Amino acid sequence: MAIAQYVAVEGLRNPYSAICLVSRTFNNTIDPEAMRKPHGSTKMPDEPTVIRATQRTDFPAWAVLERRLIDAIDEAAPVFLAQYTRPGGALIWREDYPGDGVWADDLYEAFFNWPHYYALGGSQYTGTKALEEWNAITRQLTYDYGRVTNEFVNDDDWFHNAENYIYFYHLGMADPTNLENVRRARRFAGWYLNEDPAVPNYDPVNRVVRSPCSGSLGPLAHMRPGEIHYDIVHEHATLGPGFDLPEGWADDDEIRRAVEARFDEVVMDGDVAVNLGVVALVATAFLHTGETKYREWIAEYMGAWLERTRANGNIVPDNVGPNGLVGEKRDGQWWGGLYGWTGRYGHNMMIHAMTAAAEAAQLVTGDPQYLDLMRMHLDCLIEHGREDGGRLLVPHKHTDAGWGEFGPICPDLPLHLWSASLQDADWSRMESLRRGAEEEWARLGQRGPRSLDCRAWTRFLAGESPDYPVQILQANYREVCDRTEKILNDDQDLTRLDVHWWQQVNPVVTEALVQLTTGAPQTIYWGGLAQGKVRYFDPCGRRPGLPADVAALVHGVAADGVELTLVNLSSSRERRVIVGAGSFGEHRFAGARADDENIAVQGTYVEVVLAPASQIELALGLERYCQPPSFREPWHGAGIPYR
C-alpha cells in the first residue's frame, strides 16, 4: 500500500545570515580562523538537474492562499515585536523573576517558530529578528532573571528545556553560517558529552542523564522547594513505595523537609523518559558539524533506552536509577518518575519526548531501529487499551493500582511514526486508532502553533479530503488575523502579564506551510527537528525558503518518492526554486517525472525554472536516509562557510 498524497514545500523568502558545519575533530580547542574557512569545496556538491516549467497555470486557490498566508504573517510579525519588546529586544515584563514554577522556556517560546518560518519562506525581517530575539531573551534570562548561565538554561527539566531549544535548533535551518551559533551548539551538546568536567550531566558508564533537571550548571540534585510543591500538587511525580504523603504536609515544616528529602532521593537521582529531549540537542550539533562523536552519543543513549524498554516487557519505563537500573530508587517500579506514567500530563510528555528523540536518531544515524521505541510504546498502549463505542481508548496512566485513566491516544505518536517510517504496518497502527473516531480525525480546526493536530492532514494523504489544502490555509489565515487583533487591542500592563501570553498571540503560524510544502506533520513542539520530505531554496536570493510568488504543494508521500506541484503566480517574472531531498539533505533524489516527461535525476537537489504564470507537476523518486544530514545549503559545497 503506497500511502501517498500531499504536501511538501518549505517557504522560500528572504535571506538570513549564516551558521553551520565544519570541523570533524574531537578536540574542543578549535582555531577560530580555521572555523571561518569553508569546510570542503565551495562548488555545488552535485550540480542539480534543471527542469523547466512552461505550462500555463490556472492559479489554483491553494497557491494564492499559500502566498497570502505568508504575506499576512510577514505583516503581523513587526506588530507583535513592536508591542511586546523593548528597543534591545528584551520582552517587556516584570523586573523580578516570579520564582519556582515559572520556567525560562516561556520567554523563548514567544518566538520559537520564527526561524523555521523564515526557512520556509518568511520575510527577511522574521529571519533577522529570530536571531536577534534569541540573543536578547538569552541576555534577559541571564542578567535580569538569573535562569541562564553561559547562554544555556541552568538546570531545568527537559520537558521545558525542549520547549525552548526548538527555537535554537531552527536557527540552524535559517542561517547555518553563523559561527557564534556553531560554537553554541558545540558547547551545549558538550555538556552532555562530559566535555566540561564542571558540568557532568551524563554518566557514560551507566548511560544515564544524571538528573531529571540539568543544564549549564550540571545535574540538579536538590529540587527547588517551590517546584517540589508544584510537581506533587500537579501529580507530576510520586515519592515511591513505602512513603505515604500526609495531608497538609506543606504546612508543617518538619514534614515538608522530610518530603523534600524524599523527593530528592527518589525523583532527582537518575534518568527519566523526558530526558530523551537531549537527543535533538546533540543532533543539532551534528547537523552543524558532522562530527562522529555526536552520532555515537545518540546511538549509545538511544540504545540504552531501547535495551531497557525491551527488558521491561516492551514497556518504556519513566525512571532509571543512577546505576542504569529501571526502578532502582523505587523498589523496581518502572512508573512514578517526573513527567512519567503517573503524571497528570505524562501521556503527552513521554510521547513527545520519545518521538522527537527517535526522529532525531533516525535522521543522524540513518538507522530506522530507533523508531522501535515509538512502536513499543504504541503497541503497549494498544495492548492495554479497551473498546468503548467502537473506539479504542488507551491508558494514560500506570500507577500502583495498574493501568488507568483511559482516553483517546495523543495522535502525534502514531502519525509521526508513520511519517518517519512510511511503512504500511505503521499506517495500519494509525488506522486502528482512528476507528470509531472517523469524524473527529477528518475535522479541521483552527489553532495556534503550540496545538499539534495533523489528523485531518492524514485524511488528505489518504485521498479522502481533497479540499484540505484550501481549508487549512484559510484556518491558519484566520488564526493569524485573530492573534493580530488581540495584539492591536492589548492594553494590559505588560510588566504583569501572564508568562504564557506571548505564546497565545504569536502571529507566526506554520502548520499549513509545513504540511503542504514539506510533506510532513507539524514539527514536535517539544524539541522536535523538521521532518520534511523535501525543502526549498531560492538560488537567486541565496537563501532558504520558497522564492517570491512561488507556491508548493506535496500531494503524494510514499516510501520511494513524493509528488508535488509548483506554481509561479507572477504574471511577468520567471522564478527559480531549488528542491532539496529532505529537511537536511538526508535523502537523495533518484529519477523524476516532470508533467509527462521522465527525467534522469540523481542527487540532493533539483532546480526548477518556472516561466511567468506557470506550474509543473513533479514526481520525484527518493532514496531515504542515505546521506549524512547537514544544515548546509545547496551553494555551500561539501561544507558550510562560517561567518
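Quick one: how many residues across segment 303-355 are over 24 Å from Pro414 (Cβ atoms), surrounded by fewer than 22 Cβ atoms within 10 Å (Cβ to Cβ) and among the small types (Gly, Ala, Ser)?
The total comes to 6.
Spot the failing condition for Leu131; the list is (1) over 28 Å from Arg496 (Cβ atoms); (2) surrounded by fewer than 24 Cβ atoms within 10 Å (Cβ to Cβ); (3) out of contact with any Leu (no Cβ under 7 Å at 6 or more places or on another chain), and only one is missed.
(3)
Considering only residues that are open to solvent by 20 Å² or more (accessible area, probe 1.4 Å) and not acidic (Asp, Glu), look in segment 356-375 and name the one that is farthest from Val279 (Cα to Cα).
Arg375
When you go through Pro414, Pro469, Pro408 one by one, which is the residue that is in contact with a strand residue (DSSP E or B) (Cβ under 9 Å, 6 or more places away or on another chain) and either farther than 25 Å from Thr126 by Cβ or loosely packed, with under 14 Cβ neighbours inside 10 Å (or both)? Lay out the reasoning, then the answer.
Values: Pro414 fails: in contact with a strand residue (DSSP E or B) (Cβ under 9 Å, 6 or more places away or on another chain); Pro469 fails: either farther than 25 Å from Thr126 by Cβ or loosely packed, with under 14 Cβ neighbours inside 10 Å (or both).
Selected residue: Pro408, the only one of Pro414, Pro469, Pro408 that is in contact with a strand residue (DSSP E or B) (Cβ under 9 Å, 6 or more places away or on another chain) and either farther than 25 Å from Thr126 by Cβ or loosely packed, with under 14 Cβ neighbours inside 10 Å (or both).
(1) out of contact with any Cys (no Cβ under 7 Å at 6 or more places or on another chain); (2) open to solvent by 10 Å² or more (accessible area, probe 1.4 Å); (3) within 24 Å of Trp526 (Cβ to Cβ): which one isn't true of Leu239, the others all being true?
Checking Leu239 against (1) out of contact with any Cys (no Cβ under 7 Å at 6 or more places or on another chain); (2) open to solvent by 10 Å² or more (accessible area, probe 1.4 Å); (3) within 24 Å of Trp526 (Cβ to Cβ), the one that fails is (3).
When you look at Ala258, is it closer than 26 Å to Asn348 by Cα, open to solvent by 40 Å² or more (accessible area, probe 1.4 Å) and without any contact (Cβ under 8 Å) to a residue 40 or more places away in the chain, yes or no?
no
Output the number of the condition that Leu193 fails; it satisfies all remaining conditions of (1) assigned to a loop (DSSP other than H, G, I, E, B); (2) open to solvent by less than 10 Å² (accessible area, probe 1.4 Å).
(2)
Identify the single condition in (1) open to solvent by 10 Å² or more (accessible area, probe 1.4 Å); (2) touching a residue at least 12 places away in the same chain (Cβ under 8 Å); (3) on the phi < 0 side of the Ramachandran plot that Asn113 does not satisfy, given that it satisfies every other one.
(1)
What number of residues within segment 498-513 are assigned to a loop (DSSP other than H, G, I, E, B) and open to solvent by less than 10 Å² (accessible area, probe 1.4 Å)?
5
Does Leu516 qualify as being surrounded by 24 or more Cβ atoms within 10 Å (Cβ to Cβ) and touching a helix residue (DSSP H, G or I) at 6+ places or on another chain (Cβ under 7 Å)?
yes
When the residues of segment 206-218 are filtered to those that are surrounded by fewer than 22 Cβ atoms within 10 Å (Cβ to Cβ) and under 19 Å from Tyr294 (Cβ atoms), which remaining residue is nearest to the chain's Cα centre (by Cα)?
The qualifying residue nearest to the chain's Cα centre (by Cα) is Ser216.
The values are calculated or read from the model by the stated rules, or taken from the named source; none is laboratory data. Everything numeric in this text was worked out from a predicted model, so none of it was measured. Using ideal geometry, Cβ is built from the backbone for each residue, glycine included, and neighbour counts are taken over all protein chains shown. For the accessible areas, the whole protein counts, side chains as well, though only heavy atoms, and no ligand, DNA or RNA atoms are used. Shrake-Rupley method; radii C 1.70, N 1.55, O 1.52, S 1.80 Å.
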